[in-house]
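Colleague: I am attaching a structure below and will ask some questions about it afterwards.
Derivation of every value follows stated rules applied to the coordinates shown; laboratory data play no part. Just so you know, these numbers come straight off a predicted model, no measurement behind them. Glycine gets a Cβ as well: all are built from the backbone with ideal geometry, and neighbour counts include every protein chain shown.
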Amino acid sequence: MTETIPDIRISPRDVPPRATWTLQEAGVHPLLARLYAARGVRAMDELDTRSAALLPPDQLKGALEAASLLADAIAAKKRLLIVADYDCDGATACAVGLRALRMMGATVDYLVPDRFKLGYGLSVDVAKLAAERQPDVVITVDNGIASIEGVAELKARGIQVVITDHHLPGEALPAADVIVNPNQPGCNFPSKALAGVGVMFYVALALRAELRKRQAFAPGQEPNLASLLDLVALGTVADVVPLDRNNRILVTQGLTRMRAGHMQAGIAALFTLAGRDATRAATFDLGFTLGPRLNAAGRLADMSLGIECLTTNDTARALNIAQQLDAINRERRVIETGMKEDAEMILATLDPNDRASLVLFDPDWHQGVIGILAGRVKEKFHRPTFAFARGENGEVKASGRSIPGLHLRDALDLVSKRAPGLLLRFGGHAAAAGLTLEEDRLTEFEDLFEAICQELLSPADLTRTLETDGVLESGYFSLDAVRLMQQAVWGQAFPAPLFDDTFDVTHQKLLKDKHLKLRLKKGQTQFDAIQFNFVGSAPDRIHAAFRLDINEWNGNQTVQLLLEHFDAA
């Protein structure tokens, strides 16, 4: 059966003229003023990215209590243990926790669970493993909000527990000593979009303020927590949390430090291995080059390697670990390619347009890569997608990715209510979630999840809409304009610029049997363009959605259009 791709609609964003004019009058570059206004920015103060503009820690529920508990623990020389998660957000949050706490005199170590043996979060097994280290206080980063049994296990052993997390809580909260999570009930922190690393950074800010109040620092010896903002920026972008104003400040501050050469040895090493110029660090680098290399450790090996990369101060050691991470990431790509081919064979037997969801399973798929696969399939077919891999004891584990219009964790909650006991474990947030169930109930889950998606998603939700910034004036097809846009902060809920226009196709060829290279013409001006992973051909005249990029060849730099989608014009 021929593969069917859902329809794609190109829709230019509304650009409020008054907001654009206001920003321009305040000194914002005209192109950026237009782009920011289309993303909801209405006044110059919303673009204030000084660290002083960050929301204060005392607004984050639990932060002051956590600071007091940790300050007491440091004064009493108690042993602290961080329980981390195995993705980039968890690794950077762990590194921030380790570095910040050590700066403030704490004795602290960490534990990151083996995802294949112990799964996600502070389970009872992980709690027992943590207890073997004989800590006085356990601090979770990027996990713990659903760990009711694990926290109870630690508390029964007389161990204090501080949870720092950003995931959505269930109906009951664990009985921890302190919970710091902007999404917990009763928290009025204006930004609900902090990543796990952002939450831990805020706890560090609150702890420093508490120790300052206790006069714990000698004159001139107060730790500089801004030195950790490169880690905060990396984890925030890699975890694809919405870049609201507060997160944009954190990311901008981190990128500014990277560009100035002020970063952890491990982050500098990752830039080197990725062949990227840190003096031009951009959100793209964090999300698509550094983040995947760190995530690969958690997917295929042990995230302890990634955490060591981020916490060592030895440049040679950092470079050595970065080389290992790069090799693991290449292995991940090979595995992913094979899994994508398997998925295409499965998808060839059905028409995604007839469905509101996709559930894929292959007994040979790698547990660590199913999340990437689900994301790729979701992007291609614009359907909420779960990819399953075989676990142990007759169980299968899935990672899911969703589309706008379906809150994935809420959908799983509905599944659990309609079929009690079907989901052995589940968790996540709006865009991504994971679950475990018994393999012989996979079809039951697929049918129920499809029924719920049919209920919750409208036909409009199932049509992929590419929101663009409209037509780009010819004067902005320049290296300077591209660099200007690349240096700005873009990400989830504050998307990178995407334009659309009509062009004549004067030449086209297929590169490496998988990328369509085009020569486009508009008026008297010609452009080089490429659409990656596209093996078809283009008509003589196209309406295209595109991004601008810089192509480097033999030392020369030219503007290139990266096509996201095109139709016959």
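Colleague: How large is ³J(HN,Hα) for each residue in region 416-422, as worked out from phi by the Karplus curve 6.51 cos²θ - 1.76 cosθ + 1.60 (θ = phi - 60°), to whole Hz, x for Gly and Pro?
Modeller: Per residue, the Karplus-derived 3J(HN,Hα) values read 5, 6, 7, 9, x, x, 5 Hz.
Colleague: Sorting check: for 519-532, 30-43, which peptide has the highest mean count of neighbouring beta carbons within 10 Å, and how do the rest follow?
Modeller: Most protected by this proxy first, the peptides run 30-43, 519-532.
Colleague: In terms of the ratio Rg/(2.2 N^0.38 Å) built on C-alpha atoms, what value belongs to region 350-462?
Modeller: After normalising by residue count via 2.2 N^0.38 Å, the value is 0.96.
Colleague: Write down the percent of antiparallel bridges among all DSSP beta bridges whose residues are both part of the chain, to the nearest 5.
Modeller: Percent antiparallel among DSSP bridges in the chain is about 65.
Colleague: Between Tyr476, Gln531, Ala493, whose Cα lies farthest towards the positive end of the dipole of region 465-568 when Lys and Arg beta carbons carry +1 and Asp and Glu beta carbons carry -1, centred on the Cα centre?
Modeller: Among Tyr476, Gln531, Ala493, the one farthest towards the positive end of the dipole of region 465-568 is Gln531.
Colleague: May I pose another question? How large is ³J(HN,Hα) for each residue in region 149-162, as worked out from phi by the Karplus curve 6.51 cos²θ - 1.76 cosθ + 1.60 (θ = phi - 60°), to whole Hz, x for Gly and Pro?
Modeller: Rounded to whole hertz, the list is 5, x, 5, 4, 4, 5, 5, 5, 9, x, 9, 6, 10, 10.
Colleague: List every residue whose amide H lies under 5 Å from the amide H of Leu466, counting only residues 5 or more places away in sequence or on a different chain, with H placed 1.01 Å from N in the peptide plane.
Modeller: Here the answer is Arg9, Ile10, Ser11, since their amide H atoms fall under 5 Å of that of Leu466.
Colleague: Could you list which residues have their amide H under 5 Å from that of Val83, counting only those 5 or more apart in sequence or on another chain, with H placed in the peptide plane?
Modeller: Close amide H contacts, sequence-distant or interchain: Leu111, Ile139, Thr140, Val141.
Colleague: Can you give the FRET efficiency for Ser68 and Ser478, using 1/(1 + (r/R0)^6), R0 = 56 Å, r = Cβ-Cβ distance, to the nearest 0.05?
Modeller: 0.55
Colleague: Would you list Ser537, Ser402 from fewest to most Cβ contacts within 10 Å?
Modeller: Ser537, Ser402
Colleague: Under a Cβ-Cβ cut-off of 15 Å, what is the net charge of the residues other than Asp58 that fall near it, where Lys and Arg count +1 and Asp and Glu count -1?
Modeller: Neighbourhood net charge equals +2.
Colleague: Further question on the same structure: For a quick check: with amide H placed at 1.01 Å from N, whose amide H comes under 5 Å from Glu395's, ignoring anything fewer than 5 positions away on the same chain?
Modeller: For Glu395, whose amide H was placed from the backbone, the distant partners under 5 Å are Glu439.
Colleague: Per residue of region 172-179, in order, report the coupling 6.51 cos²θ - 1.76 cosθ + 1.60 (Karplus, θ = phi - 60°) as ³J(HN,Hα) in whole Hz, putting x for Gly and Pro.
Modeller: Once rounded to whole Hz, the list reads 10, 9, x, 8, 6, 5, 9, 10.
Colleague: Additional query: At 7 Å along the Cα-to-beta-carbon direction for both Ser537 and Ala348, put a label point, then send me their distance in nm to one decimal.
Modeller: Using points 7 Å along Cα→Cβ, the separation is 2.3 nm.
Colleague: Still on this model: Counting other beta carbons within 10 Å of each Cβ, put Tyr120, Tyr476 in order, fewest first.
Modeller: Fewest-to-most ranking of Tyr120, Tyr476: Tyr476, Tyr120.
Colleague: Using per-residue counts of other Cβ atoms within 10 Å, averaged over each peptide, order 544-556, 502-514, 350-362 from highest down.
Modeller: Going by the mean number of other Cβ atoms within 10 Å, highest first, we get 350-362, 544-556, 502-514.
Colleague: Debye calculation, C-alpha points only, no solvent: report log10 I(q)/I(0) for the chain at q = 0.10, 0.13 Å⁻¹, in the same order as the q values.
Modeller: -0.90, -1.51
Colleague: For the residues Cys187, Cys453, Cys88, what sequence is obtained by ranking on other C-beta atoms within 10 Å, fewest first?
Modeller: Taking fewest neighbouring Cβ atoms as first place, the list is Cys187, Cys453, Cys88.
Colleague: Still on this structure, please answer the following. Expected output is a single nm value to one decimal: the length gained when fully extending between Arg9 and Asp440, i.e. 0.36 nm times separation in residues minus the C-alpha distance. What is it?
Modeller: 151.3 nm
Colleague: On to the next question. Mind ranking 63-70, 308-315, 292-299 by how tightly packed they are, going by the mean number of other C-beta atoms within 10 angstrom, highest first?
Modeller: 292-299, 63-70, 308-315
Colleague: Calculate for the chain the 222 nm mean residue ellipticity that helices alone would give, adding -39,500 (n - 2.57) per DSSP H run of length 4 or more and normalising by residue count, nearest 500 deg cm²/dmol.
Modeller: Taking each H run of at least 4 residues, the total per residue is -12000 deg cm²/dmol.
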